[in-house]
Every structure is written in structure tokens, then in C-alpha cells.
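The values are calculated or read from the model by the stated rules, or taken from the named source; none is laboratory data. No experiment lies behind these values; they were computed from the predicted model shown. Positions of Cβ are generated from backbone atoms using ideal geometry, with glycine treated the same way; all protein chains shown enter the neighbour counts. Surface accessibility is based on the protein's heavy atoms, side chains included, excluding ligands, DNA and RNA. Shrake-Rupley method; radii C 1.70, N 1.55, O 1.52, S 1.80 Å.
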Amino acid sequence: DSNFFRGSAIYGGSYNETQAYLVFCRASLEFMAQAGLQPNIIHAHEWQASAVPMLYWELFSSTMSAKPVLTIHNMDNTGECRQDEFGATGVSGETFASVDKALDERTIGHNPERLCLLKGGIIYSSAVTTVSPTYAKETLSGGGAGFLQSTLARPEVAGKYVGILNGIDNVTWNPATDPFLPACFSSYVPEGKAICKAYLQRGLGLEEDPDKPLVAVISRLVPQKGIHLIEHAAVHAVENGGQFVLLGTGHAAGGLQGLANDRYRDNKNVSMMFMYSDALSHLIYAAADVFLVPSMFEPCGLTQMIALRYGGVPLVRSTGGLADTVFDVEGGGSDDGSLGAGTQGNGFVFHGVDGYSIETTLDRAFAMYRNSPEAWKALSQRNMRNSISTSWEQSMSSYEQLYLGVQ
């Protein structure tokens, strides 16, 4: 009778998505048990898989000796779940309906009280990670975890909670071999980047001018991503002789769509595409001079890492993983031992949430681009050389130590 596999969409189809994930969690554990598998680690991600550690300890730990590990990518989504919904796993939700297990504290006294799957995953996992050291700090003390901050602050949880920076696939994202580019390039042979910029300008109907700084955004267009700051940057970039390219979709795109359809309808320096194309994203990364990531919060962020890989100069708001990967050219690397310590800066960083903050930071980037072209070229090439630090190599080592520590 299940309709989990009906409909045209994998996500958000004509079914109860929470129930589908719960069934998936139980099925995954059943598969391991029936196949006689004995993993050392069962690594789950996000609220969608948080029932795995919960079910493991309740049903499967007597026949398996694995340790569950949970990675949280974004605490903005916590997985609210009715107790009766949890019954899709074959286990009553009442099993977890206490404050020290998975009860959603926000619903205490309500009828019915609800579960929080992410909380249950945190409580039942042997180790919990999130996707950058700074985001881990923000969730512990900066309000980034919302009501789950009290759960993370428990001594037994805080001791198993750590931030490990995500990485990018340096094979897929490699300007020296990228099949989507009209000309490949590297830090040692950088000339292809200028060819990619001219190719993108021509293809999008922009004025083909190598001297105009090209500001790019590739993003989900949701409030988290600092949409009002993107709007300010678009206007400011064009008013100051730059070009602006955007690729993305999302429910908060209205203001940008208004700019695209009205103010910049026939402007030869603006191209906003409310869609997603993998091939086009590669070309935009390759062509961009300045890559904009002004997020309100950002657990990790990968776009700034890809931009560095392609010789772009990120302009970011200092939060979460952006603070762990981008360091201002006027302030150098970080001083706390994180990525970039002791190195030269690789981008432009601001802290405010207002238009003035991003506009003045964009002014600094444009000034360097125009007044110090050799320094800009050196920065671009240095970013390409140093971008190996954003690969999975460092993260893999951290996860290996984590896995060894919980066995």
C-alpha cells in the first residue's frame, strides 16, 4: 500500500516525507542485520537519518557492535515528528518521548507532544560532528542551534561533539582538466581564466571587457544566503563599473527577479539566471573575478572553496565555515590554528548585515582589481595553488581519528 515510490519527484513527492525517511532508516539497519554485516561505524547524516542511531541502540546493538556517528549539516532543520509517525519504523514513538531522549522540549504540555529526530540522533550517537569548527562554536554559544543548544551543552553531548570542515572534490572541481571549460588553466598556466571570462561574457550577452571586474553568485536563493546583501552587491557592482552574474533558484528570489526584469532588463553588465545548470556553474566559477557569499549563517559552504580552486577571490560574510576558509587580504590568515593560519589572506571579509558593510568591502575588492592588477593576479594564482587545503584530505584525517576514538 506504500506510495513512497510514486510520483515524479524523489524529494517532496506525493507521500509523507518524514515517514519515508523513517522507513528508510529501519530498512538500512535491517539490511545490515539480514546480510550479516558487522560495520565498525554507522555514519548517519542530518535529521533524515537520525532515526538510525535511535533504532540501532533499541533493536540492533545486541547483534552488531557498531558505533553510530551523526553529522549535522544545518541545524535550521531539526526533523519534527509526531510520536505516531515514528511507528512507521515498527517502534513506538513513546519509547523516545522523554526529555533525556528525543522529546521536543518546545511541545511539552501540548497534546500531543512531539519528537525531534535530530535531537534523538544527537543523544543516541557515539560521536556527533558538524561541518566546520566555527559553526560548532556558533551552535554551542552563538544561538546557531536554536532550542537544541541546551542539548548540545549537556556534558555527555559536548564531550562527543566536534566541528570538522567539509571539503570539495578536487577531481570534479579542477580547472586544469574541467571538460566544461573552453580553456583549461592552473596556477602555473593561468591564461585560460581570461579566455573563460570572455567566453562567459559573450555567451551571456554581456559587454566583453576584460577590465570590468566580474562579480558572481551561485546559490540557493533563500534568506540564509543573505539575499538582501546580494541585491545591494548587484546594484553597487554595476554602479561602480563592474558586472554581475547570478545563477540560482529559491523562494526568496523575488527582489532579484525584480531587478533583473526591471532595472537591469537590457543591461549589458548584468545576467541573472533563475535556474541551475551544472555545466554553466563550472564556467561561472572559472570566469569570476569576485565570488560573493554573504550568508547570514553558513555551516560550511562549498562555493567559496570551489571559487578559490578556480582562482576566484571570495567576498564573504564572516560566519561558520566561511570564517574557517576565507581570510581578508588586509588581515592575513587566522591566528587560532585553523585553516589559513600563518598564510596570506585569500579574499575579502566583512561582519555586518547591512548594505554599507558589503558595499565598502566590494569597494576594497574593486580598488585592488583596478589599482593593483599584478597583486590581483598573484592573489588569484595563490588561491589556486593553496586550494588543495580545501580538499577532503584534511577532513579524512580528522574523521579517521574520530572513528578510531569511538571504537
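May I ask you to verify whether Ile195 is out of contact with any His (no Cβ under 9 Å at 6 or more places or on another chain), under 20 Å from Ser281 (Cα atoms) and at pLDDT 95 or above? Break it down stepwise before answering.
Numbers: out of contact with any His (no Cβ under 9 Å at 6 or more places or on another chain): yes; under 20 Å from Ser281 (Cα atoms): yes; at pLDDT 95 or above: yes.
Taking the combined requirement at face value, the residue satisfies it.
For the range 340-359, which residues satisfy the criterion of being out of contact with any Phe, Trp or Tyr (no Cβ under 9 Å at 6 or more places or on another chain) and at pLDDT 95 or above?
Result: Phe348, Phe350, His351, Gly352, Val353, Asp354, Gly355, Tyr356, Glu359.
Would you check which residues across the range 128-170 are part of a strand (DSSP E or B) and either aromatic (Phe, Trp, Tyr) or open to solvent by 30 Å² or more (accessible area, probe 1.4 Å) (or both) and list them?
Correct list: Tyr161, Val162.
Going through Phe185, Phe180 one at a time, which residue ends up being of a type in the set (Phe, Trp, Tyr), in contact with a His (Cβ under 8 Å, 6 or more places away or on another chain) and either assigned to a loop (DSSP other than H, G, I, E, B) or open to solvent by 30 Å² or more (accessible area, probe 1.4 Å) (or both)? Show your work before the answer.
Values: Phe185 fails: in contact with a His (Cβ under 8 Å, 6 or more places away or on another chain).
Every option except Phe180 fails the conditions.
Do we find a residue being open to solvent by less than 30 Å² (accessible area, probe 1.4 Å), on the phi > 0 side of the Ramachandran plot and at pLDDT 95 or above anywhere in the range 320-339?
Within the range 320-339, one or more residues are open to solvent by less than 30 Å² (accessible area, probe 1.4 Å), on the phi > 0 side of the Ramachandran plot and at pLDDT 95 or above.
So which strands (runs of 3 or more DSSP E) stay within the range 41-127 end to end and still have 1 or more residues that are touching an Asp or Glu at 6+ places or on another chain (Cβ under 7 Å)?
On the way: elements: 41-45, 67-72, 80-82, 114-116.
Result: 67-72, 80-82, 114-116.
Give the range 203-243 a look and list any residue that's part of a loop (DSSP other than H, G, I, E, B) and among the basic types (Lys, Arg), or say none. Lay out the reasoning, then the answer.
Of the range 203-243, the ones part of a loop (DSSP other than H, G, I, E, B) are 204-213, 219-222, 226, 240-242.
Correct list: Lys212, Arg220.
Of the conditions (1) more than 23 Å from the chain's Cα centre (by Cα); (2) buried (at least 16 other Cβ atoms within 10 Å of the Cβ); (3) assigned to a loop (DSSP other than H, G, I, E, B), Trp173 fails just one. Which one is it?
If we test Trp173 against (1) more than 23 Å from the chain's Cα centre (by Cα); (2) buried (at least 16 other Cβ atoms within 10 Å of the Cβ); (3) assigned to a loop (DSSP other than H, G, I, E, B), just (1) comes out false.
Among the residues of the range 218-234, are any at pLDDT 95 or above, touching an Asp or Glu at 6+ places or on another chain (Cβ under 7 Å), open to solvent by 30 Å² or more (accessible area, probe 1.4 Å) and of a type outside the set (Phe, Trp, Tyr)?
Yes, the conditions are met somewhere in the range 218-234.
Of everything in the range 74-107 that's open to solvent by 60 Å² or more (accessible area, probe 1.4 Å) and closer than 18 Å to Gly144 by Cβ, which residue is farthest from the chain's Cα centre (by Cα)?
Taking the candidates together, the pick is Arg106.
Taking interchain pairs and intrachain pairs at least six residues apart, which have beta carbon atoms under 6 angstrom, with the first residue in the range 212-233 and at positive phi and the second open to solvent by less than 10 Å² (accessible area, probe 1.4 Å)?
Gly226/Pro294; Gly226/Ser295
Mind listing whichever residues of the range 171-227 are out of contact with any helix residue (DSSP H, G or I) (no Cβ under 9 Å at 6 or more places or on another chain) and charged (D, E, K, R)?
Glu191, Arg202, Arg220, Lys225
Confirm whether Glu113 is touching a residue at least 12 places away in the same chain (Cβ under 8 Å) and closer than 30 Å to Leu322 by Cα.
Working: touching a residue at least 12 places away in the same chain (Cβ under 8 Å): yes; closer than 30 Å to Leu322 by Cα: no.
No; evaluated as a whole, the condition is false for this residue.
Given Ser277, Ser295, which one is hydroxyl-bearing (Ser, Thr, Tyr) and either open to solvent by less than 10 Å² (accessible area, probe 1.4 Å) or at pLDDT below 95 (or both)? Walk me through it before giving the result.
Details: Ser277 fails: either open to solvent by less than 10 Å² (accessible area, probe 1.4 Å) or at pLDDT below 95 (or both).
None of the other options fit; the residue is Ser295.
Can you work out which of the residues in the range 1-52 that are under 18 Å from Thr71 (Cα atoms) and open to solvent by 60 Å² or more (accessible area, probe 1.4 Å) is modelled with the lowest pLDDT?
Step one: list which residues in the range 1-52 are under 18 Å from Thr71 (Cα atoms), which gives 21-22, 24-25, 28-29, 39-52.
The next check asks that each one be open to solvent by 60 Å² or more (accessible area, probe 1.4 Å); those that pass are 24, 40, 45.
Values: Phe24: 94, Asn40: 97, His45: 98.
Top of the filtered list is Phe24.
Quick check on my filter: what residues within the range 244-273 are in a helix (DSSP H, G or I), over 22 Å from Ala287 (Cβ atoms) and not basic (Lys, Arg)?
Once the filter is applied, which keeps residues that are in a helix (DSSP H, G or I), over 22 Å from Ala287 (Cβ atoms) and not basic (Lys, Arg), the range 244-273 yields Gly254, Gly255, Gln257, Gly258, Asn261, Asp262.
Name, by its number, the condition in (1) under 16 Å from Leu292 (Cβ atoms); (2) without any contact (Cβ under 8 Å) to a residue 60 or more places away in the chain that does not hold for Val189.
Result: Val189 fails condition (1) only.
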